[in-house]
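Student: The structure under discussion is supplied below as structure tokens; questions concerning it will follow.
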Amino acid sequence: MSSLLFPLWILFRRWSLLALLLSLLAFEAAAGQSGQSGQSGQSGQPVHVGFVNPDYKGDPFWDSVTEVLLAAADNLGIQLEVRYGEGNRLRSTEEALSLLKEPGLDYLLTIFQSGQGGRILSAAESAGTPVFFFNTDIPESDTGRVGIPGQIFTQWIGHLVPDDQQAGRLLGSELREAAVRNALPMPLKVVGFTGSRESTPSRLRVEGLGLAVRAQSDLDLQQVVYSNWEPEITAQQLPVLLKRYPQTSVIWSASDGMALAAISAAEQIGLVPGRDVIGGGIDWTENAIQAVAEGRLAVTVGGHFMDGAWSLVLLHDFHHGLVRIREMQRVMSRFQAINQGNVQHYLPLLNKKRWKSLDFRAFSRAVRGAEAPYVFGLDTILDDSLSMPAAGKTSGTD
């Protein structure tokens, strides 16, 4: 009997050691997975995020992005530090590199600019600080060198990209519908204004216009010119294009600023918006929404000014282990159209005091559940805010 018990005792001890080893391995694996999902935030300190606004204070679109970001940060309990690139990609990169040197910075939120994004990723890798890009896609000239989040650069954790091609196509389709409603002569002669040659959004939005033209036989695209995103250049170019193409009835613009400049230039030479020409742009700026309400513009396409706030929701959840890098490698946001049929619904966007009342936590998995899909939509959040009183103070941009 004893000769049987001794081997069983040895076997039992070996199984116990094996169970202990498996437990340790499971713990290490869980710790590794937690690292891929961000930090737990147990220190009690607010998450510190640095954001580089690539433009100047005063730019209508980027001011909106920044103000909504500040509202989201306040709502999510995040400390947001804002820097400005002043319209210069080298200056934007320097600001990003400066932020990465700051002690206590948890995350960097910025845009990827041609030839500069790789520098930021390399610096972030050295600093051990995670980076999240939004608003711009990766130019083809950079994709081979940087890859996708988590592939080549381990500190690149996510990328939220507006569907700029969809924006350009939607704008083209909306302008056609407005021209048909206003009984403008067919076929519709179209001219376009876009940004810079090296700008990925500029290229993709024009590609979208091309898709709209190919889908509608009554759209006749005459020419698209580069205005470098500058309304002053657009205002100078429009009379030249109208002389070259005197039957032009549709003016497509890759930004609201250029759209407003084009329609003002058309008015100055005696054309009446809605009767002689139809114009629209992209960005949902305050002036453009007001121009749609007044009938000067037919449409503004946008909603992507919220993408910084959606990015912050993802960073919040990553920090608390609720989302993984593989889920954030390429998050796409869609554009919506504000036209004369729905502009009254969106006019509350002009009251920026209401942005403080938006509940961004409702989009977090901390509220929706650990496996809930992310559904970022402005309609829901806007509808909820309409039932709330406006906050007493407008958020700043410092």
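Student: Quick one: putting +1 on the C-beta of Lys and Arg, -1 on the C-beta of Asp and Glu, what dipole do you get for region 61-192 around its Cα centre, in Debye to the nearest 20?
Tutor: Result for region 61-192 is approximately 460 debye, rounded to the nearest 20.
Student: Have a look at A259, S202, L241 and report the one farthest towards the positive end of the charge dipole of region 165-302, computed about the Cα centre with Cβ charges (Lys/Arg +1, Asp/Glu -1).
Tutor: L241
Student: Can you return the aspartates and glutamates within cross-link range of K353? Criterion is Cα-Cα under 12 Å, with same-chain partners fewer than 8 residues away left out.
Tutor: List returned: E67.
Student: Give the relative contact order (percent, whole number) for region 165-302; include only Cα pairs under 8 Å separated by 6+ residues.
Tutor: Result for region 165-302 is 28 percent.
Student: So, with +1 on the Cβ of K and R and -1 on the Cβ of D and E, and no other charges, what is the size of the charge dipole of region 314-372 about its Cα centre, to the nearest 20 debye?
Tutor: 160
Student: From the phi angles alone, apply the Karplus equation (6.51, -1.76, 1.60; θ = phi - 60°) to region 123-135 and give each ³J(HN,Hα) in whole Hz, x where the residue is Gly or Pro.
Tutor: 3J(HN,Hα) across region 123-135, in whole Hz: 5, 5, 4, 5, 7, x, 10, x, 10, 10, 9, 8, 6.
Student: Calculate one ³J(HN,Hα) per residue across region 96-111 by plugging θ = phi - 60° into the Karplus curve 6.51 cos²θ - 1.76 cosθ + 1.60, and present them in order as whole Hz with x for glycine and proline.
Tutor: Values per residue, Gly and Pro as x: 5, 5, 5, 4, 5, 8, 6, x, x, 6, 8, 8, 10, 10, 7, 9 Hz.
Student: Skipping prolines and chain starts, which residues have an amide H placed within reach, meaning under 5 Å, of the one on F134, given they are 5 or more residues away or on another chain?
Tutor: Amide H to amide H, under 5 Å and 5 or more residues apart or across chains, F134 pairs with T110, I111, F112, L160.
Student: Here's something else I'd like to know. List, in order, the whole-Hz ³J(HN,Hα) value for each residue of region 152-168 obtained from phi through the Karplus relation with A = 6.51, B = -1.76, C = 1.60 and θ = phi - 60°; use x for Gly and Pro.
Tutor: Karplus-based 3J(HN,Hα) across region 152-168 equals 9, 9, 5, 8, 7, 9, x, 8, 10, 10, x, 7, 5, 5, 4, 4, x Hz.
Student: Once the other residues with Cβ under 13 Å from the Cβ of V191 are scored (Lys, Arg +1; Asp, Glu -1), what is the net sum?
Tutor: +2
Student: Using amide H atoms built 1.01 Å from N in the peptide plane, name the residues 5+ places from S333, or on other chains, whose amide H lies under 5 Å from its own.
Tutor: V161, D163
Student: Run down the lysines and flag those whose C-alpha is under 24 Å from the C-alpha of K189, throwing out any fewer than 8 positions away in its chain.
Tutor: K243
Each value in this text was obtained by applying a stated rule to the coordinates, not by laboratory testing. From a predicted model like this one, the values you see are computed outputs, not experimental measurements. Note that we place each Cβ from the backbone using ideal geometry, even for glycine, and neighbour counts take in every protein chain shown.
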